[in-house]
Every structure is written in structure tokens, then in C-alpha cells.
Amino acid sequence: MWRSLWRSIDRFSLQYFKYVINELREIKVVDGHNRELIIDLLQSIVELVTYGDRQDPLIFEYFMEYQVLAEFVRVLKISRNSRIEAPLLQYLSIMIQNMNSDHSIYYCFSNDYINNIIGHKFEFGGDLALYYVSFLRAVGNKLNKDTLCLLLKVHGDAVVSFPLYNEALKFAHHGDTMIRTAIRALTLSIYNVSDDMVYQYITTPPVSKYFSDLVSSLSKQFFHLDSLVHDAEMRTSQKKEEILLETDKIVDDLYYLKDMLGIGESRLSRVVTENLLRILIFPILLPLLQIGQSNGSNLSAVTSFYTISCLLQVIGGKGMFNSVAEVILYPHMASSVRDAVQGDLTESDGHAESILSEMGIVSSSHETEGAENNSLLTDTVSIKRSGILAHIFSENRSLLLASLFLLFILAETKDLHPLPAQMTGLSGMQYMIDVDGSIGNLLWKHMDVILNALLKVLASQPPYSILIQWHTGWFLRKLLICHGKGLSHRNIQLFNTSYQRSRECLQKELDGCWFDHIPEAFRNEWAKCKAALLEASQCKDPFFVLELDVSQQTTDGDATSYFAFQRMVDNVKVFILHLQLKSTISKGELLEEPWLDSSAIADSSNMHASNGVSASFGSEVALGSGIPCRISFSNAGIRDIYLIPVAKKTSGKVILAEKHPFCSQRGIVLAIAPLAGLIPKIDEDHPTWLHLQIREFEPKLHKSKVRGQRLGKSDRVADGRWTLGFPNAKACEAARLSILEETRKQRSSVESVLAPLLQNSCHGNLSESEDE
């Protein structure tokens, strides 16, 4: 009878809603005994309110009339270690998220119920912080310019409290990534709908301390990054992983700041920009450029250049670009030019001017440094020792590339003031003539010396790492294109030396164990290398600046085919780089395609399993040229087999086949290995034994993972080895010679494919005609 009576009550009716509300009001204390009952009641209320908001206005009117949200607040206050907070916040979040009508949202946000829940003194432990932040996020998602005012506490014409924002900021630096992400999304939602009163509150101390704390935290991350870069005890592979993780965190923070500036509100932009300049950019730049006093705790030069480059790339903006340019070019400007730039920037955006004045940089320029800076423009020796040029002309090649990269970022932006743009711009730099000796392009003035420094890196002996060579080539191409003139005699000689060395290194790979993959490496790497050379400074990942310091390539004594493959690919890349640089120097453009002789490349579509080259495990092959021998398999014992080395054009294999049970002239393939890299060697103590080294590393199955990092040691496959036994020493020697002959034929085909690239007649040294 009771069950039928219960069924007669509609679960989504006003009558049932009143019943649930009355049940909740009867609760006088919340503890472990009634916790589950209360959770069920809260769940039912949320379900009914959500239903009423969409389907039954009477339910929602009752919800408002009897101030049911006040019951949620009361339940929080009377709970006694019952762990009711998390489910209560979860159900409230669900209810707010599912409200569709503005009328419903207005009610929920009014009467201070939401503010009372936000301001409740929670004891955060376990997952409660996640539920609380999720609740704040749900409220933030429903904010607009009309509902925002309902959550503010105002006195007169000023906001005196904003609980949603204030409580959210307490979790801004929480250890949980999900919580930090949610808080950032919430703050951005608030900034997007805020009015003048709210912005006045947000950008005024003490609330505005959030922005300085954010930049200070970012500064600490850069110092931590610097310590990782220069940690001498950490293994190189581990160091790269740690640096990558740290830079990813930093870039995330920078994009958050960029989103703030992207809102376009002047007060918000000003407070963010001023904190970046005051706490991060100027304290890094001024000591780096020897303008300000060092406090003894500065970042290293390489990390400093990475920091500024990263800030400009991610955040950018006219104010940021001009502020950085003003400081970088400060030692190279005459006082009249500096006054003109500072005057124009002060009228439009005075962040840098005011901060530099506070730091005592701008105010002293006219009195004590004017004459010195004027002399810097004409005294070559002094120029090389001042400002950013001190790093460009440094013997440290990482500093050379890092400082040039920062100049390139400034040079390619369209946000610079006209005068700094003339001093750094790459486009049409040769037409930027000095005006009274005060304005001129910084790179153009020292172009020959800079090109010489870069070419010395390429031509260095012993050579620098492949990474340094490649990035050096990127800088060279950019400067050559913008230079618009030929190289000097000494620079041509340096390039020719470097070109010949890259060619010799590639030719040595023809004697290596991966010579058969060289044509494929050219095809695979050509487009990648070309795209990398054409990459704009704004798009180039500044991570390479840090990587240069940890890029020393060591094999730790490991001579596996994995390292041999990496060395071969690296040498192909360096030779491609030199081919493209040579084309840029002589023709002013890049080569479109690699000049390979495709007629010598084996066509797999015309091959059959019977010819050996395209044979696979279990297929049949002819035994006509096979050499009888024996091999011991770990799982199958000693087997009588035939050794068949075979090459066709650029493809080559060595096959182990067992005689077919029904056809004596045919064999069944038991094992296959690449012909290249076998290095057949007769055992010194057993002249009938032939040892073959087998490449186990398969490039197609082992792709580099993040940003071109090398595989870890756990990912590398050790090379295999076969030992074959022959009837006598003569047969063993014949097998060795047969393998070498087939290898020679395969290598000859590969050389034919590469001939157009390697022939001196087509790609000889640059001549004196390229001399300027």
C-alpha cells in the first residue's frame, strides 16, 4: 500500500519539491548519521530546480519564494565534520551550469547567497579544493556585464570587495595544474565582462598585487630554468627533458599574460606591462647589456636572451617591442636620436620611460654618457665592447646566435618606432643611410664581421655540433638575403672550406653501415631543411638558444647502428644546408629539389620475391647463387642453409634460406638482413666461421619524439650478429668476398644516385666572382 502511494507522487512535481524542501528544513545538524540522506535531498533539489527552470515555472517560483538557496548556506553552517561540503558544491555547480534563463541566474546571484557560499570558511583537504574551484568556475561562466554587479560589494561609486575574484586568487599558485588552469580561465572571464569600477578595484593595491606576484613567479621560473641549463651534474638527456618541461610551463604562463593584454582594456594592459618591464625585462636586460648595475643574482646571458626572445614572441605588442628596442639600442644612439624616440614613446606609451627614469637610466644619459655614446657610433673597438654587440662578437657561439636571434625578432616586427626600426630592420637595410652619423642600421654597419663570425662557426675544426651548425646556417641565409651583396674574399674562403668539409663527411658515409639510406635521407630531409631555413624569426622556437648549451653530441662509447644512423642523417642535413647556402650566395634563392639520379634507384613495383631483393620471410627464392653453410638457432638448433647476398641498384639484402622439401633448386627464406653494414669478418681462431654484423635499428619504426630529441637508451635496439659455419676456409672466404662484391655493387648504385650532388663540376667552390 505504501509503495503504491509513493508511486502516486510525481517525482518532478511541485508537490514533491515542497516535500523535499520541508525534509531539508527539518535537519538541525549535519553529521555522519544523516549525511547520505542530506546528499540525496540536495541532489533531488538540484534536479527539480533544473527541471523547473526549463519545464515548470511553478517549481522555480517556489524555489525563489522560499529562498531555498538559503538552506544550502544553512547546511554548510550546521555541518560537523560530515564531509558534506564537496557534494554540496558539486550539486550547486551542476545547478548553475544548467540554468538557461537570465531570470534564474539573476535570482541565484542576488541576495548574497552565492557570496556567502564563496566566503564560507572551508577546511580544504583532499579533493575539496577541486570542488570549490569548480563551483567558482561555474559561477564565472554565467557572468556578464549585467550579472557581475550582483556579486560585488560597493560603497558609493567604488567596489570595496569582490569575493569571487578575491577567493579565486588564493588558488592562483596552487600545486594542482587543473586548479590553476580553472582559476586563470575564471579571471579571464571576469576581465572580459568587467566595467570601470571593477577595473579600478582590480588594478589598485592591494588587489593588483596579483599581477606582480604572477610576474615574480615567472621570474623565479626563469631562474630555475637557468639552474637546469647550467647543471653540470645532470645527464644531457635528462637535462633536455627537464628543460623542455620547464619551458612548457613558462610558455603557458606567458600565454596567460598575453590573453590578459588581448582583452584590450587600458588599465589592465598597463598594470601587466609595467610589472613585466619592472620585475622581469629591465632587471634582465640592463645588466646583460652593461647599462645597469648587476646585483650579483642575474640570469646567465644565454638564458637572458631566451627570456626576452620568448617574451617578445609570445606577448609582443608595440609597448613591449619598443621598450626592449629602446634598451638594446640605448648604447648605440646619439642623444638627439634617443630624445626623439623617448619623446614619441612617452606620448603613446610611457611605461618604459617612467620605469627607466625610476631606475636612474634615462635621467643620467644626457649628463654623463652622451659623449661616450656618440663616440661608440664611430669607434669600432668600443662598439664591439658595448651593449648587444659585445655578445654578438663574443667567442661563445651560443651567445653569438642568441643575441643575433633577439635582434632578428626586433628587426622583423612591424610594431617598432621608425627610428629603432631603421637601426635593426633587415628589409632594405643597405638603403638606410646615416643621418648626421646618428642613425644607421646596426647589422649593416658590421655585416662583414658578423658574416665572418658565423662562417667561422661553420668552418671550425674540430666542427661544432650539428645543432650549432644548422642554426648558424639559418642566420647566414637571412643575413645574405638582406645583405644583397656578395661575400668578401676571406668569407668566400671560409665558406668553401666549410662546404668541402661537409661534402667529405657525406662521402665518408658511403663507407658506413647506412650508405643505402642516404638517398632516402636526402628526400626525407630536403623539404624539412628548406622549411626550417625559410622559418620567420617570430615563428622560430627560441628553445634552440638553450639547447645550444646542452647539445654536445656524445655517444657514451656506444657504436651501435643507431648512432651511425643519426650521424648519417646529421651529415646529410649539414650538406643540404651548405648546398642551400651556396645557392643563396650565388643565385639569391634556395634550390627547390635535390639533384638525384632517380634512374639508379631500385623500383620496388617491378621486383618479385623470386629475385631475392624483395624476398620476405617464408617466401621462395632460387638457390642458384647460394653458398651452403650452417647456422645454430637458439630455438631450432643447427640448420643446413644457403647464404644468398643479392643487390639490385640501391637495394641489397643477405638471405638465409633452407632448401625446399619438394624442389631442390628452390629455397624457403628463414632470415633476412640488410646488405649494408654486414662487415663480414672471418673468425681468427676458426677460419670456417664468418661473423656478420646485423643492423637491428629500423628508422621507420623509431621516430624521434619531442622537438627532434634523440631516443633514450631504453628505446635503442642493440645490433645483432650472425655466425655462419662453412665446410672449409675456402668456402668461408668465398662467402665473404661474395658479400663484399654485392655490397660494392649496391654502393656503386648509391654513388650514381648522389653523383649530381657530389660532382665538383656541378657544385664546386664559390669563385671570386661572388666577391663583393
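For the residues TYR91, TYR191, a 1.4 Å probe over the protein chains yields an accessible-area ranking, largest first, of TYR91, TYR191. Legend: translational diffusion of segment 1-204 by Stokes-Einstein, Rh = Kirkwood radius over C-alpha pairs, 37 °C, 0.692 mPa s; D = 181 µm²/s.
Provide the net charge surrounding ILE627, with neighbours chosen by a C-beta distance below 14 Å and charges set as Lys +1, Arg +1, Asp -1, Glu -1. Please list the in-between numbers first.
Values: positive: ARG630, LYS659, LYS730, ARG736; negative: ASP640, GLU658, GLU733, GLU741, GLU742.
That sum, taken over residues with Cβ under 14 Å, equals -1.
Measuring with a 1.4 angstrom probe and ignoring ligands and nucleic acids, ILE739 comes out at about 0 Å² accessible. Taking only the C-alpha atoms of segment 107-242, Rg followed by Dmax gives 18.5, 62 Å.
Electrostatic bookkeeping for ALA182 treats Lys and Arg as +1 and Asp and Glu as -1; over the other residues with beta carbon under 12 Å from its beta carbon, the sum is +2. The Cα-based radius of gyration and maximum Cα-Cα distance (Dmax) for segment 34-150 are 13.7, 41 Å. Tally Lys/Arg at +1 and Asp/Glu at -1 over every other residue whose Cβ is under 10 Å from the Cβ of PHE60; what's the total? Counting the neighbours of PHE60, the net charge comes to -3. Accessible area per residue was computed with a 1.4 Å probe on protein heavy atoms; TRP470 scores about 40 Å².
Over segment 1-204, with every protein chain in place, what whole percent of the accessible area is carbon and sulfur at 1.4 Å, could you tell me?
Numbers: 5110 of 10410 Å².
Taking all protein chains in place, segment 1-204 shows 49 percent carbon and sulfur surface.
A straight Cα-to-Cα reach below 29 Å connects LYS209 with the lysines LYS121, LYS142, LYS145, LYS153, LYS170, LYS220, LYS249, LYS258, LYS318, residues fewer than 8 places away in its own chain not being considered.
Cross-link partners for LYS745 among the lysines, with Cα-Cα distance under 28 Å and sequence neighbours closer than 8 places in the same chain left out: LYS508, LYS573, LYS648, LYS649, LYS653, LYS659, LYS681, LYS700, LYS730. By a 1.4 Å probe calculation restricted to protein chains, ARG397 has an accessible surface near 40 Å², given to the nearest 10.
Sparsely packed loop sites in segment 63-138 (the GluC sites (Glu not before Pro) outside DSSP H, G, I, E and B with at most 16 other Cβ atoms within 10 Å) comprise GLU123.
The values are calculated or read from the model by the stated rules, or taken from the named source; none is laboratory data. Quick caveat: nothing in here was measured; it's all calculated off a predicted structure. Cβ coordinates were reconstructed from backbone atoms using ideal geometry, including for glycine residues, and neighbour counts include every protein chain displayed. Each accessible area value is taken on the protein alone, full model and side chains, heavy atoms only, with ligands, DNA and RNA left out. Shrake-Rupley method; radii C 1.70, N 1.55, O 1.52, S 1.80 Å.
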